[in-house]
Amino acid sequence: SKQGAYLSDLRAADKKAQDIINEAYEKRRVQKQQAEAQANKELETIKKQLQADILGTSENKEGHDSLRQKLKEETDKKLAELKKKAGEKMNDSLGLILHFVTKVNPKATKENVQAFQQKAIQSVS
């Protein structure tokens, strides 16, 4: 019976840890979406400004080609930055998952588990 209670507590702690991980993933996903939306908004603003500048000062084809190239370079740069940030966050999330999966302590008390969960939440935030 004591062993059954221990297993029940262990399962509950595992479920709670999985919930924390899922919450962290969702938070990261939302942050990534917000960052991408903000970057796209900034890119559109830059594109419109550059188009207005070029069209206002030069109507020749070379100016338009230059603008396209500059916009493409800026867009590629922003996308590379976003991909880098997403990769960094993915590594953090994977590290957290690996920690939860590989660091099972059968002698963990309820207080220790709660303290560890709080620490994990803070590290993800």
*Which ones in the stretch 12-26 are surrounded by 13 or more Cβ atoms within 10 Å (Cβ to Cβ) and among the polar types (S, T, N, Q)?*
Gln18
*Out of Gln38, Gln31, Gln3, report the one residue that is free of Cβ contacts under 8 Å to residues at least 12 places away in the same chain and closer than 26 Å to Asp76 by Cα.*
Gln38
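Results for (1) within 19 Å of Leu10 (Cβ to Cβ); (2) in contact with a Cys (Cβ under 8 Å, 6 or more places away or on another chain); (3) among the β-branched types (Val, Ile, Thr); (4) modelled with pLDDT under 75, shown as yes or no for each residue.
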residue	(1), (2), (3), (4)
Glu73	no, no, no, no
Leu98	yes, no, no, yes
Val104	yes, no, yes, yes
Lys110	yes, no, no, yes
Ala120	yes, no, no, yes
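The values are calculated or read from the model by the stated rules, or taken from the named source; none is laboratory data. Everything numeric in this text was worked out from a predicted model, so none of it was measured. Note that we place each Cβ from the backbone using ideal geometry, even for glycine, and neighbour counts take in every protein chain shown.
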